[in-house]
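K.L.:
This is the structure I have questions about; it appears just below.
The values are calculated or read from the model by the stated rules, or taken from the named source; none is laboratory data. Bear in mind that the values here come from a model prediction, so they are computed numbers and not experimental data. Cβ: placed from backbone, ideal geometry, glycine included. Neighbour counts: every protein chain shown. Ligands, DNA and RNA are stripped out before the accessible areas are found, and what is left, the full protein with its side chains, is counted by its heavy atoms. Shrake-Rupley method; radii C 1.70, N 1.55, O 1.52, S 1.80 Å.
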Amino acid sequence: MDCGRGGFVRTIAGAYDMSMWRIGDVTIHRVLEFEGPLLAPGVLLPDSTEAGIDRHRSWLEPDLLDPATGELVLSFHSLVIRTPLHTILVDTCGGNDKHRPQKPRYHQQNHPYLANLHAAGFRPEDVDVVLCTHMHVDHVGWNTRLVGGRWVSTFPNARYLFARDELKFWQAHYGTEAFADDPYYEDSIAPVFDSGQSETVAGDHAIDDWVRLVPTPGHTPGHVCVEVASGDSRAVLSGDLMHHPVQCAEPDWSSCFCVDAEHARRTRRAFLAEHAEIGALILPAHFPTPTAGRIAAAGGAWRFVFDGES
Ligand SMILES: [Zn+2]
């Protein structure tokens, strides 16, 4: 689908951009939580340099790097995969009403996420499977919502799948100094265990004939991508394997949020090389509108060719 590049949808209550892609018998729908300039390159990508950014400024500005603030433009969205058998919601953003004093971007938010889900054609009851590519705060938020002072599952009929290695890592480290700041395990993960909706799966788990997980460790130890295949068409929901298109051109720039920056680098390079060959549609968790695109080899590295661009 050609989504065009014009006019970002920012955080405007009730606003919704319709993004949908067809992969054979499967459709993929983007549900936006928030999009805008958010972090300076040197903050998100500590290995980047001003000279390095200058090399790419001509194609980054204005859509991918905001000239007014000097910040990288990022999107926070879920992707809903509709197969002939299942409705699968991947990554649940930051959520509303969450107490995040240490993470102001996610603190007491009030995004029109459920309205956007509805506009995309889904009710929370329709979702059969929820999958978080990894368990960072901006990928688990809408697992739950606040009802009558209690955190309850947003998707009452869903199984919530967690990759075993990812869950093990967070259960081992949660409560330690680095992860003790905000209560997101308690408000966004524990309630779906308490409700009996959680299921621990292998990192290469197949959800059905069209959708399977692919282990891609580095950003976090149990990070997974989600591969969609139907007939000859393929798509990969790549989570936080990369956060911004500049990382295709500079694949060694890992993010400040990567648990193992070196491992993340190796995984990213292997992924970019493989998918430049295959030509699958790639849908990362934070690439701004139109989010989806393909990887092309370019000058010893790669380029992200957005949907609708040549
Ligand atoms: Zn993220």
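K.L.:
About its Cα centre, how strong a charge dipole does segment 32-141 have in debye, to the nearest 20, once Lys and Arg get +1 and Asp and Glu get -1 at the Cβ?
P.N.:
On the way: 8 positive and 15 negative charges, 49 e Å.
Roughly 240 debye for segment 32-141.
K.L.:
If you bin every alpha carbon distance in segment 148-288 into 5 Å steps from zero, what whole percent lands in each bin?
P.N.:
Final binned percentages: 2, 9, 15, 19, 19, 16, 11, 6, 2, 0, 0.
K.L.:
In nm, what is the difference between 0.36 nm times the number of residues separating Glu309 and Ala273 and their Cα-Cα distance?
P.N.:
10.9 nm
K.L.:
Here is a follow-up. For segment 46-185, give me the percentage of DSSP beta bridges that are antiparallel, rounded to the nearest 5 percent.
P.N.:
60 percent
K.L.:
Taking only the Cα atoms of segment 193-274, how large is their convex hull per residue, in Å³?
P.N.:
Working: hull volume 9.5 nm³, N = 82.
Per residue, the Cα convex hull of segment 193-274 comes to 115 Å³.
K.L.:
Let me ask something else. Please give, to one decimal in nm, the separation of the simple spin-label points placed at Asp25 and Leu146, each 7 Å out from Cα toward the Cβ.
P.N.:
Placing both labels 7 Å beyond Cα along the Cβ direction yields 4.3 nm.
K.L.:
What are the radius of gyration and Dmax of the chain, computed over its Cα atoms and given in Å?
P.N.:
18.1, 56
K.L.:
While we're on this one: Quick one: net charge around Gly70, please, counting Lys, Arg +1 and Asp, Glu -1 for every other residue with C-beta under 13 Å from its C-beta. Working shown, then result.
P.N.:
Details: positive: Arg57; negative: Glu50, Asp54, Glu61, Asp66, Glu71.
Net local charge, Gly70 excluded: -4.
K.L.:
Shifting gears a bit: Could you provide, to the nearest whole Å², the per residue accessible area of the chain with probe 1.4 Å?
P.N.:
Per-residue value: 40 Å².
K.L.:
What is the dipole size for the chain, taken about its Cα centre, with +1 at each Lys and Arg Cβ and -1 at each Asp and Glu Cβ, in debye to the nearest 20?
P.N.:
Here the chain has a charge dipole of around 220 debye.
K.L.:
Please name which of Ser75, Trp59, Gly42 has its Cα lying farthest along the dipole of segment 39-84 towards the positive end, using unit charges on Cβ (Lys, Arg +1; Asp, Glu -1) and the Cα centre as origin.
P.N.:
Toward the positive end, the furthest listed residue is Ser75.
K.L.:
If I take every Cα pair under 8 Å that is 6 or more residues apart in the chain, average their sequence separation and divide by the length, what percent do I get for the relative contact order?
P.N.:
On the way: 665 pairs, mean separation 55.4, N = 310.
Value for the chain: 18 percent.
K.L.:
Hey, another quick one. Assuming 0.36 nm per residue, please report the length gained on full extension of the stretch Leu85 to Trp59 beyond their Cα-Cα distance. Before the final figure, lay out each step's value.
P.N.:
Values: separation 26, 0.36 × 26 = 9.36 nm, distance 4.03 nm.
Computed gain between Leu85 and Trp59 is 5.3 nm.
K.L.:
Rounded to whole Å and sorted largest first, list the principal axis extents of the Cα atoms in segment 219-258.
P.N.:
Cα spread of segment 219-258 along its principal axes, largest to smallest: 37, 25, 11 Å.
K.L.:
If R0 is 25 Å, what FRET efficiency do you get for Asn157 and Arg266 from their C-beta distance, rounded to 0.05?
P.N.:
Efficiency computed from Cβ-Cβ geometry: 0.05.
K.L.:
Sort segment 13-107 into rounded, prolate or oblate with this rule: let a ≥ b ≥ c be the square roots of the eigenvalues of the Cα gyration tensor; rounded if a/c is under 1.5, and if a/c is not under 1.5, prolate when a/b is larger than b/c, oblate otherwise.
P.N.:
oblate
K.L.:
How much length would be gained if the chain were fully extended between Phe193 and Cys256, taking 0.36 nm per residue of separation minus their Cα-Cα distance, in nm to one decimal?
P.N.:
Details: separation 63, 0.36 × 63 = 22.68 nm, distance 2.93 nm.
Gain on stretching Phe193 to Cys256: 19.7 nm.
K.L.:
Could you tell me what percent of the DSSP beta bridges with both partners in the chain are antiparallel, to the nearest 5?
P.N.:
If I count the DSSP bridges inside the chain, around 75 percent turn out antiparallel.
K.L.:
Modelled label-to-label distance, Ala40 and Ala172, 7 Å Cα→beta-carbon offset: nm?
P.N.:
3.5 nm
K.L.:
Let me ask you something else. If DNA, RNA and ligands are ignored and the probe is 1.4 Å, what is the ranking of Arg164, Arg234, Arg268 by accessible area, most exposed first?
P.N.:
Reading off the accessible areas and sorting them downward yields Arg164, Arg234, Arg268.
K.L.:
Tell me the relative contact order for segment 35-141 as a rounded percent, counting alpha carbon contacts under 8 Å between residues six or more apart.
P.N.:
Worked out over segment 35-141, it gives 24 percent.
K.L.:
How large is the charge dipole for segment 202-310, taken about the Cα centre, if only the Cβ atoms of Lys, Arg (+1) and Asp, Glu (-1) carry charge, to the nearest 20 debye?
P.N.:
Working: 8 positive and 14 negative charges, 44 e Å.
Approximately 220 debye in magnitude.
K.L.:
Can you pull the percent of segment 202-310's accessible area that's carbon plus sulfur, 1.4 Å probe, other chains left in place?
P.N.:
Result for segment 202-310: 48 percent of the exposed heavy-atom area is carbon or sulfur.
K.L.:
Let me ask something else. Putting +1 on Lys and Arg Cβ atoms and -1 on Asp and Glu Cβ atoms, find which of Pro215, Phe162, Trp302 reaches farthest to the positive end of the dipole of the chain.
P.N.:
With unit charges placed on the Cβ atoms, the residue in question is Phe162.
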